[in-house]
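All remarks here apply to the structure that follows.
The values are calculated or read from the model by the stated rules, or taken from the named source; none is laboratory data. Values in this document were obtained by computation on a predicted structure and should not be read as measured data. When we count neighbours, we look across all protein chains shown, and the Cβ atoms used for this are built from the backbone with ideal geometry, even at glycine. Protein only, heavy atoms only, side chains kept; ligands, DNA and RNA dropped before computing areas. Shrake-Rupley method; radii C 1.70, N 1.55, O 1.52, S 1.80 Å.
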Amino acid sequence: IMNCSKTPDFVLSGMSSDPENQQFLICLFMALYLLGLLGNSLLLLAIGTDIHLHTPMYFFLSQLSLVDLCFTTTTALKMLEDLWIHNGSISFSGCLTQLYFFAVFADMDNLLLGIMAIDRYAAVCYPLHYPLVMRPSRCGVLVGMSWGVAHLVSLVHILLLSQLSFHVNKEIPHFFCDLTMALAGVLGISALFCVISSYARIFHAVARVPSAQGKRKALATCSSHLSMVILFYSTVFATYLKPPSTSHSSGELVAAVMYTLVTPTLNPFIYSLRNKDVKSSLKRILHMECSQDYGSSQ
């Protein structure tokens, strides 16, 4: 008789069991997590406190930073705990909870990148109508609907999974609870199609600009977002689009780390290093902090 249970315990066994490797991984992942926490928090602070950054593009970027903060926290804290205590066990309810929030934030990443592509398309192709097309109320509706769709899609999958029975003490050769979700896949493909179609129109419009300087200026407004898109989808494809023979290989785990930890950490630095408005806002914030510290020491 097959021993099954509705509430089994799982074991996450994706990380190395070598003590020396575990110490290195703890330091590496902790550094990446704290760096991402710092970068995304500073970007949120800069956008929230600088009135010059209260535009649709930065509103969407602030939502992306918030999502990335939550996305990395969903997987990184459990991963660090497992490496620290040398125990990868997770309950059925804990696995479903992690999977639910992982799916919500992954879907939000997809949807926000698609919305940001539409925003760049409107800015480049219809600059005179941009304030009307991307007015604040419409931006709020787009983001609100995205959160609603992401939660709904994740909830449907979790409710279906909760009805299944699993082998007791089943081992998961990964460092977090994950599976390929049909609806999430459709959502991701739709967002990617939106990105591709938006940039096809952008490049077509830029090609018709007569001056080289005008072309560079138009493309400069899209470079940061395009870099984020390439980084995000390349790691997603490396993680999920693979032949069955390579399932749970070391290469897949590296791609998953890139997807869940490295990419969200790099996103705020991609935007801040390439954007003079964000850099000036961050310098102002850091200068204010230094001034306050100096004043309190007097």
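Here are some notes:
- The set of residues from the stretch 209-229 being within 17 Å of ALA122 (Cβ to Cβ) and either of a type in the set (Lys, Arg) or loosely packed, with under 12 Cβ neighbours inside 10 Å (or both) comprises LYS217, ALA220.
- Residue match in the stretch 105-116 (condition: modelled with pLDDT of 90 or more and touching an Asp or Glu at 6+ places or on another chain (Cβ under 7 Å)): no
- Checked against (1) open to solvent by less than 50 Å² (accessible area, probe 1.4 Å); (2) at pLDDT 90 or above; (3) over 30 Å from PHE29 (Cβ atoms), PHE203 passes all but a single condition, namely (1).
- Top-ranked residue of the stretch 58-85 - restricted to ones that are charged (D, E, K, R) and open to solvent by 30 Å² or more (accessible area, probe 1.4 Å), ranked as farthest from ALA103 (Cα to Cα): GLU81
- In the stretch 12-47, the residues that are of a type in the set (Ser, Thr, Tyr) and at pLDDT 85 or above: TYR33, SER41
- Within the stretch 219-237, residues that are under 12 Å from LEU192 (Cβ atoms) sit with their Cβ atoms under 6 Å from residues that are of a type in the set (A, V, I, L, M), at 6+ positions apart or across chains, in these pairs: VAL229/LEU113; VAL229/VAL195.
- Of the residues examined, ILE118 is one that is in contact with a helix residue (DSSP H, G or I) (Cβ under 8 Å, 6 or more places away or on another chain), among the hydrophobic types (A, V, I, L, M, F, W, C) and surrounded by fewer than 21 Cβ atoms within 10 Å (Cβ to Cβ).
- Any chance GLU252 is at pLDDT below 85, open to solvent by 50 Å² or more (accessible area, probe 1.4 Å) and of a type in the set (D, E, K, R): no
- The stretch 29-50 residues that are closer than 18 Å to HIS287 by Cα and in a helix (DSSP H, G or I), paired with ones that are among the hydrophobic types (A, V, I, L, M, F, W, C) and open to solvent by 50 Å² or more (accessible area, probe 1.4 Å) (beta carbon under 7 Å, 6 or more apart): GLY39/PHE269; LEU44/LEU66
- Among the residues making up the stretch 230-242, a single one is surrounded by fewer than 12 Cβ atoms within 10 Å (Cβ to Cβ) and either modelled with pLDDT under 75 or outside any helix (DSSP H, G or I) (or both): LEU241.
- Test result for GLY185, open to solvent by less than 60 Å² (accessible area, probe 1.4 Å), modelled with pLDDT under 85, in a helix (DSSP H, G or I) and under 25 Å from THR265 (Cα atoms): yes
- Single condition SER245 does not satisfy, out of (1) over 26 Å from LEU64 (Cβ atoms); (2) at pLDDT 85 or above; (3) open to solvent by 90 Å² or more (accessible area, probe 1.4 Å): (2)
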